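K.L.:
Provided herewith is a single structure, encoded as structure tokens, for subsequent inquiry.
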Amino acid sequence: MKKTFARTLLSVSTSVMLMGATAITHADTIQIAIAGPVTGPVAQYGDMQVIGAKMAVEQINKAGGVNGDTLEAVIMDDACDPKQAVAVANKVVNEGISFVVGHLCSSSTQPASDVYEDEGILMITPASTSPAITERGYKMIFRTIGLDSDQGPTAAKYIASKVKPKKVAVLHDKQQYGEGIASSVKKTLEENGINVVMFEGITAGDKDFSAIIAKMKQAGVDFVYYGGYHPELGLILRQSRQKGFNAQFMGPEGVGNKDLSAIAGEASEGLLVTLPPAFDLRPENKSLVEAFKAKGEDPSGAFVMTSYAAVKVMADAIKATGTTDTEKLQQYIHTHSFNTPMGDISFKENGDLKGFEFDIYTWHADGSKTPVQK
Amino acid sequence: MLAFDPFYFAQQLLNGLTIGSTYALIAIGYTMVYGIIGMINFAHGEIYMIGMYSAFVAITGMAAFGIEFLPVIFVGALLFAMLISSTVGWAVERVAYRPLRGGNRLIPLISAIGMSIFLQNYVRLFQGSSDVAIPHLLSGGYTFGAADGFQTTLSYMQILIFVTTIVSMGALTLFIAKSRMGRACRAVAEDLKMANLLGIDTNRVISFTFVIGAALAAVAGVLLGMYYGVTNPYIGFIAGLKAFTAAVLGGIGSLPGAMLGGIILGITEAMTSAYFATEYKDVVAFGLLVLILLFRPTGILGKPEVEKI
């Protein structure tokens, strides 16, 4: 009896201590984990996310914070590796952080979001475009970006109505993001009566694509859509140019990165890319763009403004509800509209954005891009 | 689906030979180390990667000094990469193998994996994790076939790859067959303890093996660096895995086996992509490996191993 009492006392005092500890950390700072690839082959995209989210944190703090509290960005590296993403998610839980901006790669977001949903952690991904992420009826999971299932049809409709190629090859990197988007492009192209002669997967990390290039050349392909990231597409472009294969290429936002031009050089000129709208060109964002430039950062990256918006949505929701209770916050986010550098945004029941559209750009060898009329 | 086109076939054969030759160059490192001490050097893929980075450093360095004459750039990059890679290869043996020699065979295996992770992250920290690119140094080539049909291209770069591979392999075979050090290598491979008793400095022979393997991996690094123009700290893993497969396929421990294994693997991959589907490339290549090992457990040219006591 005595023992039980002692144990109860112990557990009560421990929980009081723990509560005290959480209360202290939450009194002055609200931590937001920025989870994405800081290292690894797609770290450039992680950089976009970090500079966007950090800028939002800085500016919100400068403007007086959130109800007197300041935000703090905690950067966590998942290296675009699903296993490491789960480790990051567990770390977020352990450190008692309730807000996550990320992850970046869909294959990382998918497993990590299971943890966040279970633990009641609010997660907004500024970059993961796989439809599967919001198909599970989760309530803590949002995104400030469009879906592959939108991006694919946007690309395919443009191909069918403007480019009108005779023989199309659709390639992908066999990963959730790349294959998902490639399948959706193929489906829409076929619905529009475009002849897709090849649909094949390459291996991410491979360096030699001469066999598949020769095959496309042999098949008389005049248009290639690639679902995946820039390291592979860069090499495919470069090797195609060397082998005298001169089809028009197109890819999703995962390839639209200055590194593509570094890898492919001249061969990247004229590539078509679907990207989130260039929010940095919106007149309302002029001062924000200058703030990025003053820090020597590039605001034109595809995920910079979406990351900024993710932080802004969290901060605004906390401000309006006056609580950090994620259950109340998710209800608020689902039912309200937010003013962000992306414009006024609101969310659907499943956490996707309402009315997000991708734009089409022509990529240039110097890493710049110009919009194309849809 | 499509009628047989000899020019298309020839193109894919050339593609397969190109990639196969470089697999073979890397495979030599695995096979030599295995032949002599009966262990797999898992850090070998990383040595190839370091060779490629060294080549990039040398090439950009020479470009900064205004050197544009291709043979000079090529030889310069080759020497620099071989020097750096050999040093790393030697260091790997000194750090991860020699202190553990004589113990359980699994221990150096693990330390080599550790070495591999260390080297990969070391390069990542010092060179950054994103892809590094160099411009084309050697473009153009020969074209065969009718203008309206499929045209086979044999680029100068591919020719350079074949020639360099053949020369390096030839030189190595000659060296092992004729030189004093080569004879010592063969003696150590046959029986390490006996060789030691007969006055051969086995430590030196083993170090030498690592150095030669690393130098050939550097040659592959320079060639593929120039061919692809891109590298990153992670390329060593897949390349190492493929080369190791080539070595096992050809018969690990056998030099001609490594060459044959590399070429077979390269051509199988190219042909699978060409006449089947690219996503099955690795399935077919590794399926072939399993099949060959079922019927010839020691690989195509491997000799049945006599258990050394």
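K.L.:
Please state which one of A:Ala291, A:Ala365, A:Ala315 is hydrophobic (A, V, I, L, M, F, W, C), touching a residue at least 60 places away in the same chain (Cβ under 8 Å) and farther than 23 Å from A:Ile51 by Cα.
P.N.:
Testing whether each residue is hydrophobic (A, V, I, L, M, F, W, C), touching a residue at least 60 places away in the same chain (Cβ under 8 Å) and farther than 23 Å from A:Ile51 by Cα leaves just A:Ala365.
Conditions (1) part of a helix (DSSP H, G or I); (2) within 30 Å of B:Ile59 (Cα to Cα); (3) within 11 Å of another protein chain (Cβ to nearest Cβ), marked per residue:
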| residue | (1), (2), (3) |
| --- | --- |
| B:Pro256 | yes, no, no |
| B:Met259 | yes, yes, no |
| B:Ile264 | yes, no, no |
| B:Lys303 | no, no, no |
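K.L.:
If you don't mind, there's one more thing I want to ask. What number goes with the only condition from (1) within 14 Å of another protein chain (Cβ to nearest Cβ); (2) crowded, with 16+ Cβ neighbours inside 10 Å; (3) within 28 Å of A:Pro41 (Cα to Cα) that B:Phe244 does not pass?
P.N.:
(1)
K.L.:
Looking at the stretch A:257-290 only, could you name the residues that are among the small types (Gly, Ala, Ser) and open to solvent by less than 30 Å² (accessible area, probe 1.4 Å)?
P.N.:
Of the residues in the stretch A:257-290, the ones among the small types (Gly, Ala, Ser) are A:261-262, A:264-265, A:267-268, A:270, A:278, A:287.
Residues satisfying the conditions are A:Ser261, A:Ala264, A:Gly265, A:Ala267, A:Ser268, A:Gly270, A:Ala278.
K.L.:
So which residues in the stretch B:111-132 are within 10 Å of chain A (Cβ to nearest Cβ) and either under 19 Å from the mean Cα position of the chain (by Cα) or surrounded by 20 or more Cβ atoms within 10 Å (Cβ to Cβ) (or both), if there are any at all?
P.N.:
Hits for the stretch B:111-132 are B:Ser129, B:Ser130, B:Asp131, B:Val132.
K.L.:
In this structure, does B:Ala3 turn out to be open to solvent by 30 Å² or more (accessible area, probe 1.4 Å), at pLDDT below 90 and of a type in the set (A, V, I, L, M)? Full working, then the answer.
P.N.:
Working: open to solvent by 30 Å² or more (accessible area, probe 1.4 Å): yes; at pLDDT below 90: yes; of a type in the set (A, V, I, L, M): yes.
Yes: the conditions hold for B:Ala3.
K.L.:
Let me ask another. Take A:Asp173 and tell me if it is within 14 Å of chain B (Cβ to nearest Cβ) and surrounded by 23 or more Cβ atoms within 10 Å (Cβ to Cβ).
P.N.:
yes
K.L.:
Say we look at the stretch B:272-290 and pick out the residues that are more than 8 Å from chain A (Cβ to nearest Cβ) and among the aliphatic types (A, V, I, L, M); which of these is least open to solvent (accessible area, probe 1.4 Å)?
P.N.:
Top of the filtered list is B:Ala285.
Yes or no, residue by residue, for (1) at pLDDT below 90; (2) part of a helix (DSSP H, G or I):
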| residue | (1), (2) |
| --- | --- |
| B:Val92 | no, yes |
| B:Gly102 | yes, no |
| B:Leu109 | yes, yes |
| B:Met115 | no, yes |
| B:Leu119 | no, yes |
| B:Phe126 | yes, yes |
| B:Ser130 | yes, no |
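K.L.:
Now for a different question. For A:Asp78, indicate whether it is without any contact (Cβ under 8 Å) to a residue 12 or more places away in the chain and farther than 18 Å from A:Glu253 by Cα.
P.N.:
Taking the combined requirement at face value, the residue does not satisfy it.
K.L.:
Is at least one residue of the stretch A:162-169 under 15 Å from A:Gly251 (Cβ atoms), in contact (Cβ under 8 Å) with a residue 12 or more places away in the chain and assigned to a strand (DSSP E or B)?
P.N.:
Yes - at least one qualifying residue is present in the stretch A:162-169.
K.L.:
Keeping to the stretch A:238-258, report how many residues are of a type outside the set (Lys, Arg), assigned to a helix (DSSP H, G or I) and within 11 Å of another protein chain (Cβ to nearest Cβ).
P.N.:
Number satisfying all stated conditions: 2.
K.L.:
Could you pull out the residue among B:Ile252, B:Ile238, B:Ile206, B:Ile200 that is open to solvent by 10 Å² or more (accessible area, probe 1.4 Å) and in a helix (DSSP H, G or I)?
P.N.:
Result of the check over B:Ile252, B:Ile238, B:Ile206, B:Ile200: B:Ile238.
K.L.:
Could you list all residues from the stretch A:188-237 that are facing chain B (nearest Cβ under 10 Å), open to solvent by 10 Å² or more (accessible area, probe 1.4 Å), part of a loop (DSSP other than H, G, I, E, B) and not aliphatic (A, V, I, L, M)?
P.N.:
Selection gives A:Thr203, A:Gly205, A:Asp206, A:Lys207, A:Asp208, A:Gly220.
K.L.:
Now, a different point. Can you say whether A:Tyr138 is of a type in the set (Phe, Trp, Tyr), in the same structural domain as A:Tyr45 (by TED's automatic domain parsing) and either assigned to a strand (DSSP E or B) or surrounded by 24 or more Cβ atoms within 10 Å (Cβ to Cβ) (or both), as far as the supplied structure shows? Spell out how you get there, then give the answer.
P.N.:
Values: of a type in the set (Phe, Trp, Tyr): yes; in the same structural domain as A:Tyr45 (by TED's automatic domain parsing): yes; either assigned to a strand (DSSP E or B) or surrounded by 24 or more Cβ atoms within 10 Å (Cβ to Cβ) (or both): no.
For A:Tyr138, the condition - of a type in the set (Phe, Trp, Tyr), in the same structural domain as A:Tyr45 (by TED's automatic domain parsing) and either assigned to a strand (DSSP E or B) or surrounded by 24 or more Cβ atoms within 10 Å (Cβ to Cβ) (or both) - is not met.
K.L.:
Follow-up question, since we're still on this one. If B:Leu137 satisfies all but one of (1) assigned to a loop (DSSP other than H, G, I, E, B); (2) more than 14 Å from every other protein chain (Cβ to nearest Cβ); (3) crowded, with 16+ Cβ neighbours inside 10 Å, what's the number of the condition it fails?
P.N.:
Result: B:Leu137 passes all but (2).
K.L.:
Any residue in the stretch B:3-24 that is away from every other protein chain (no Cβ under 11 Å), touching a residue at least 60 places away in the same chain (Cβ under 8 Å) and within 23 Å of B:Ile264 (Cβ to Cβ)?
P.N.:
There is at least one residue in the stretch B:3-24 that is away from every other protein chain (no Cβ under 11 Å), touching a residue at least 60 places away in the same chain (Cβ under 8 Å) and within 23 Å of B:Ile264 (Cβ to Cβ).
The values are calculated or read from the model by the stated rules, or taken from the named source; none is laboratory data. Every value quoted in this text rests on a predicted model; they were computed, and no experiment measured them. All Cβ positions, even for glycine, are placed from backbone atoms using ideal geometry, and neighbour counts span all protein chains on display. Heavy atoms of the whole protein, side chains included, go into the accessibility calculation; ligands, DNA and RNA do not. Shrake-Rupley method; radii C 1.70, N 1.55, O 1.52, S 1.80 Å.
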